[in-house]
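Trainee: Mind looking over this structure? Questions follow.
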Amino acid sequence: MIKRIGFVLSILVIGVALGVGSALFMISRGTMIGAVDNSYWRTSSTIGSTDADPYTRALIARIGLLGLNQNETIYYNRTRDDAGDTFDAACTYRIEGGAMAARWWSITLYAPDNYLAQNGDGAPSIDATSIEGDEQGRWQASVSPRRADAAHWISSKNADAFSLSLRLYNPEAAIREHMGDVALPSVTRVSCGEGGQ
């Protein structure tokens with residue numbers, strides 16, 4: 001009888017340890033079931049969906065992302081440039097994009113703690129109403145610690161290894177149905193540091 005109780009208790013302890021361990025691992029690593037990768041822009045097909053699993057819901061709660069319904073907003077996040085290198089606040093990047101099939105969009109820079117970078121520059125983001133495109137709707141902006149001569153600028157000062165968050169508000173059905181291959185802005189590293197290397 002004592003052996004049986006010990007066996008049952010051992011199974012319960014192992015089960016709890018595996019459950020808690022897997023949850024902590026998934027949340028701390030940012031892994032989301034339903035992940036979609038679109039040229040380093042990452043999203044999840046379950047954010048804002050009634051199909052969101054418990055891990056995704058916990059991750060959203062941890063990072064403070066307001067997961068609206070996908071008819072209202074689709075969220076993309078990226079931490080790497082087009083060459084696959086991690087973003088560095090000391091570098092200058094060029095973001096280039098075009099018209100997106102959504103009523104409105106924004107791109108915001110976040111520090112590693114998932115909050116806006118504390119730099120006092122007042123330039124945490126760009127959006128569809130603050131940026132001008134050419135006749136074909138193409139536009140570009142700069143991400144760097146200093147504005148220099150950029151017409152459209154996101155400040156990376158004090159942002160360390162930052163991330164960029166793209167929000168598409170009231171996206172058309174084509175975006176919701178093809179999250180992995182819809183055209184999204186490119187992010188190219190132009191230079192790094194004072195020497196422009």
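The values are calculated or read from the model by the stated rules, or taken from the named source; none is laboratory data. Not measured: the values here are computed from a predicted model. Because the Cβ atoms are built from the backbone with ideal geometry, glycine has one as well, and the counts that use them run over all protein chains shown.
Trainee: Within the range 120-139, count every residue that is polar (S, T, N, Q) and at pLDDT 95 or above.
Mentor: Counting residues in the range 120-139 that are polar (S, T, N, Q) and at pLDDT 95 or above gives 1.
Trainee: Identify the single condition in (1) among the hydrophobic types (A, V, I, L, M, F, W, C); (2) within 15 Å of the chain's Cα centre (by Cα); (3) within 12 Å of Ile95 (Cβ to Cβ) that Ala150 does not satisfy, given that it satisfies every other one.
Mentor: For Ala150, the failing item is (2).
Trainee: Return a yes/no flag: does the range 68-75 have any residue that is at pLDDT 95 or above, surrounded by 13 or more Cβ atoms within 10 Å (Cβ to Cβ) and among the hydroxyl-bearing types (Ser, Thr, Tyr).
Mentor: no
Trainee: Just checking: which of the strands (runs of 3 or more DSSP E) contained wholly in the range 91-197 hold 2 or more residues that are under 15 Å from Trp41 (Cβ atoms) and touching a residue at least 60 places away in the same chain (Cβ under 8 Å)?
Mentor: Here the list reads 91-97, 102-110, 163-171, 186-192.
Trainee: Also, I was wondering about something else. Just wondering, is there one or more residues in the range 167-190 that are over 20 Å from the mean Cα position of the chain (by Cα), surrounded by 13 or more Cβ atoms within 10 Å (Cβ to Cβ) and within 20 Å of Asp85 (Cα to Cα)?
Mentor: For the range 167-190, residues over 20 Å from the mean Cα position of the chain (by Cα), surrounded by 13 or more Cβ atoms within 10 Å (Cβ to Cβ) and within 20 Å of Asp85 (Cα to Cα): present.
Trainee: What about Tyr93, is it at negative phi and at pLDDT 75 or above?
Mentor: Values: at negative phi: yes; at pLDDT 75 or above: yes.
When the stated conditions are applied, Tyr93 passes them.
Trainee: From the list Ser144, Ser130, Ser155, exactly one residue is touching a strand residue (DSSP E or B) at 6+ places or on another chain (Cβ under 7 Å) and of a type in the set (S, T, N, Q). Which is it? Walk me through how you get there before you give the answer.
Mentor: Details: Ser130 fails: touching a strand residue (DSSP E or B) at 6+ places or on another chain (Cβ under 7 Å); Ser155 fails: touching a strand residue (DSSP E or B) at 6+ places or on another chain (Cβ under 7 Å).
That would be Ser144, the only listed residue that is touching a strand residue (DSSP E or B) at 6+ places or on another chain (Cβ under 7 Å) and of a type in the set (S, T, N, Q).
Trainee: What about Thr43, is it in contact with an Asp or Glu (Cβ under 9 Å, 6 or more places away or on another chain), modelled with pLDDT of 65 or more, of a type in the set (Ser, Thr, Tyr) and crowded, with 18+ Cβ neighbours inside 10 Å?
Mentor: Yes: the conditions hold for Thr43.
Trainee: Looking only at the range 168-197, how many residues end up being among the polar types (S, T, N, Q) and either touching a helix residue (DSSP H, G or I) at 6+ places or on another chain (Cβ under 8 Å) or modelled with pLDDT of 90 or more (or both)? Explain how you work it out, then say what you get.
Mentor: Let us first name the residues in the range 168-197 that are among the polar types (S, T, N, Q), namely 170, 186, 188, 191, 197.
Filter once more, so that each one left must be either touching a helix residue (DSSP H, G or I) at 6+ places or on another chain (Cβ under 8 Å) or modelled with pLDDT of 90 or more (or both): 186, 188, 191.
The qualifying residues number 3.
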